[in-house]
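> Below you'll find the structure I mean.
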Amino acid sequence: MELQIDDSVLVKDYIKGNEKALEVLINRHNQRISSFIYSKVLDKDITQDIFQDTFIKVINTLKRGKYSEEGKFLPWVMRISHNLVIDHFRRNKRMPKFEGTDDFNIFSVIGDQKLNVEKQMIKDQIDSDLNVMIEELPEDQKEVLVMRIYKDMSFKEISENTGVSINTALGRMRYALINLRKIIDKNNIVLTN
């Protein structure tokens, strides 16, 4: 049985100049990171580009001595790739926005086709208010809320996609809901018709 060298040892070896150590790290985590990126962008070429950009950032950070070893190399790299995926969507204006568009409308899920004009106006206002409130949430809470509510992802899937533990994902969702309630109370918003 071959003994596997810890990521932390490989990182230290790479920082000391052993280029082979980085190659081992990339090969070790290639499948998991690539699968994660692909699950978001659904395009092999874009996945390869983001994977390469991820390791360019990793290399630059390591070479500048800005990486603090806490035995968490993979979650750190996953977070970098996650941020690059978000950057990709922002650059291409494909990130779901909370503007009540047909692409991303909470009421399209509810789908009552026989609304009269007054009820539709009320629903549009509620939708607009909700979208504004969600935008006020911290990025990590907003991300978990969107994945859970709009994308119907399990907390296990959210955990895998964001590179955080299930408990952290649950905590972020809890705080997102608490913060939404605070925003509703602070602004005296009524979300019912």
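The values are calculated or read from the model by the stated rules, or taken from the named source; none is laboratory data. The shown structure was predicted, so the numbers you read here are calculated from the model rather than taken from an experiment. Cβ coordinates were reconstructed from backbone atoms using ideal geometry, including for glycine residues, and neighbour counts include every protein chain displayed. Just so you know, the surface numbers come from the protein's heavy atoms only, side chains and all, with ligands and any DNA or RNA stripped out. Shrake-Rupley method; radii C 1.70, N 1.55, O 1.52, S 1.80 Å.
> Roughly speaking, what is the stretch gain from Arg181 to Gln31, that is 0.36 nm per residue apart minus the C-alpha to C-alpha distance, in nm to one decimal?
So the chain would gain 50.0 nm between Arg181 and Gln31.
> If I ignore ligands, DNA and RNA and count only protein heavy atoms, how much of Ile166 is accessible to a 1.4 Å probe, in Å² to the nearest 10?
70 Å²
> Looking at this model, which pairs from Lys40/Lys63; Lys40/Lys66; Lys156/Lys182; Lys20/Lys40; Lys20/Lys63; Lys57/Lys156 are more than 18 angstrom apart at the alpha-carbon?
Over 18 Å apart, Cα to Cα: Lys40/Lys63; Lys40/Lys66; Lys156/Lys182; Lys20/Lys40; Lys57/Lys156.
> Taking R0 as 45 Å, what FRET efficiency do you get between Asp43 and Lys20 from their Cβ-Cβ distance, rounded to the nearest 0.05?
0.90
> Could you compute the FRET efficiency for Asp152 and Ile56, with r as their C-beta to C-beta distance and R0 at 35 Å, rounded to 0.05?
Working: r = 34 Å, r/R0 = 0.96.
It comes out at approximately 0.55.
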